[in-house]
Amino acid sequence: MAAANPTVIYMDNNATTRVAPEVVEAMMPFLTESYGNPSSMHTFGGAVGQAIKEARGKVAALLGAEPGEITFTSCGTESDSTAILSALRTYPEKRHIVTTRVEHPAVKNLCENLETVTGHKYRVTRLKVNAEGLLDMAEYAAALTEDTAIVSVMWANNETGVIFPVAEMAKMAKQRGILFHTDAVQAVGKVAIDLKNLDIDFLSLSGHKLHAPKGVGVLYIKRGTLFVPFMMGGHQEHGRRGGTENVASIVGLGRACELAAAKMVEENSRVKKLRDRLEEKLLATIPKSMLNGHKTERLPNTANISFEFVEGEAILLHMNQHGICASSGSACTSGSLEPSHVLRAMGVPFTAAHGSIRFSLSVYNTVEEVDVVIAKMPEIIESLRKLSPFWKG
Ligand code: PLP
């Protein structure tokens, strides 16, 4: 598949993805001639409402859900906030949240805020991870209490790609009568999801991580789950989220989900081969480099590699000069020189955490691009290490 922009080698797909051409095509009528309000009584608006209905069906099909369980939102962050705040409002007597130390800021910062801004009205348990980024299920079982309103655990980590056993965790929460939310923003389209067979009450996804546009997300709310809306307003989204719908993006997300459902298995296996080729070669050719995160319990597109004794930001700048786009830590936290909270939670040594690069591939990458990165990275790391006072190579 041809790159959309041949001047860059784009390996930053966990930050955002290229909108698929098929998705753009599906969206265009709703940015041009089909501009009616989906809530209008006239046929012109009604046709737009029908397009939203179809998109809802396509999202539901990818997730193994019912269309009525899908609520469109503005992004993954909104979906995360909506789920957690809904649980706290539904069960005001419960004041405890269980989450992990490696969540995306969308959940991490909300939980911090709930603790501090409310004067510690809420208590948060943050589960530890081991050196490979995996959870301890005994610690999880012990964390669930009578007072727990909701568990919020990401399906797959945005920095390392490590996958958590959310099916089992949701089951355990259900046995204790506790709501379970998963931030599946990085997982949707990369792992098989069949919600009708799972005890997950809430699931968040984001369009721009799966080749749909930015500014559209979904909150899945399992049928029968008590729910309090976050965005109050009109009757849109079955009264679950007020505000006139972002029609074109919703239609685009529907198309992206349809494409993912049709091609996911084949595309993920191709992407995994590219990722493995990149990872194996970099680890073999660059001394003092190491993989962060479990080798196999991981998304097929993500490789987080530390290059000891060099700064991630410096590496990124050098990569940028060759047109190679990647991230150091999470894109949302870049700009600060603090090592990522995810790598710190895994106990990655300081000298390695600082020099970590996240390569996240997509179906638009080619083997030629991978080979350019394989060829350039050793030079970049070597040149930077020569300048490092700590490198004794
Ligand atoms: N959750 C995870 C795991 C993410 O990776 C991201 C984005 O990087 C988000 C939530 C936030 O999604 P959005 O950018 O749609 O708000």
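In the range 231-257, what residues are crowded, with 20+ Cβ neighbours inside 10 Å and assigned to a loop (DSSP other than H, G, I, E, B)?
240, 241, 245, 246
Please determine, by comparing only the residues of the range 56-98 that are farther than 18 Å from residue 213 by Cα and within 12 Å of the ligand (Cβ to nearest atom), which one is nearest to the chain's Cα centre (by Cα).
The residue in question is 80.
Return a yes/no flag: does the range 184-198 have any residue that is of a type in the set (D, E, K, R) and within 19 Å of residue 135 (Cα to Cα).
Taking every residue of the range 184-198 in turn, none turns out to be of a type in the set (D, E, K, R) and within 19 Å of residue 135 (Cα to Cα).
Across the range 163-177, which residue is surrounded by the fewest Cβ atoms within 10 Å (Cβ to Cβ) among those that are assigned to a loop (DSSP other than H, G, I, E, B) and away from the ligand (no atom under 16 Å from the Cβ)?
177
I want to confirm something. Restricting to the range 131-154 and keeping residues that are part of a loop (DSSP other than H, G, I, E, B), open to solvent by 20 Å² or more (accessible area, probe 1.4 Å) and of a type outside the set (Asp, Glu), which single residue is farthest from residue 100 (Cα to Cα)?
At the first step, the residues of the range 131-154 found to be part of a loop (DSSP other than H, G, I, E, B) are 131-134, 136, 144-147, 153-154.
Then keep just the ones that are open to solvent by 20 Å² or more (accessible area, probe 1.4 Å); that gives 131-132, 134, 136, 145-147.
This time we only want the ones that are of a type outside the set (Asp, Glu), so: 131, 134, 145.
Details: 131: 14, 134: 10, 145: 16 Å.
Per the stated criteria, the residue is 145.
Quick one: would you say residue 267 is among the acidic types (Asp, Glu), out of contact with any helix residue (DSSP H, G or I) (no Cβ under 6 Å at 6 or more places or on another chain), outside any loop (DSSP other than H, G, I, E, B) and open to solvent by less than 20 Å² (accessible area, probe 1.4 Å)?
No.
Scanning for something open to solvent by 20 Å² or more (accessible area, probe 1.4 Å), among the small types (Gly, Ala, Ser) and more than 24 Å from residue 205 (Cβ to Cβ), does the range 289-300 turn up at least one residue? Don't jump to the end; show me each part of the working.
To start, the set of residues in the range 289-300 that are open to solvent by 20 Å² or more (accessible area, probe 1.4 Å) comprises 289-291, 294-297.
From the residues that got through so far, the ones that are among the small types (Gly, Ala, Ser) too are 289.
Checking which are more than 24 Å from residue 205 (Cβ to Cβ) leaves us with 289.
Scanning the range 289-300, I find at least one residue that is open to solvent by 20 Å² or more (accessible area, probe 1.4 Å), among the small types (Gly, Ala, Ser) and more than 24 Å from residue 205 (Cβ to Cβ), so the answer is yes.
Which of the residues that make up the range 270-288 are open to solvent by less than 10 Å² (accessible area, probe 1.4 Å) and either of a type in the set (D, E, K, R) or assigned to a loop (DSSP other than H, G, I, E, B) (or both)?
The answer is 275, 279, 286.
Quick one: which of 229, 165, 213 is in contact (Cβ under 8 Å) with a residue 24 or more places away in the chain, under 18 Å from the mean Cα position of the chain (by Cα) and farther than 22 Å from residue 100 by Cβ? Give the steps one after another, and end with the answer.
Details: 229 fails: under 18 Å from the mean Cα position of the chain (by Cα); 165 fails: farther than 22 Å from residue 100 by Cβ.
Criteria check complete, one pass: 213.
Could you identify the single residue in 390, 359, 307 that is over 29 Å from residue 20 (Cα atoms) and open to solvent by less than 10 Å² (accessible area, probe 1.4 Å)?
Testing whether each residue is over 29 Å from residue 20 (Cα atoms) and open to solvent by less than 10 Å² (accessible area, probe 1.4 Å) leaves just 307.
The values are calculated or read from the model by the stated rules, or taken from the named source; none is laboratory data. Keep in mind it's a predicted model, so treat the numbers as computed, not measured. A quick note on method: Cβ atoms are made from the backbone with ideal geometry, for glycine too, and the neighbour counts reach across all protein chains shown. In case anyone asks, the SASA skips ligands and DNA or RNA and just uses the protein heavy atoms, side chains included. Shrake-Rupley method; radii C 1.70, N 1.55, O 1.52, S 1.80 Å.
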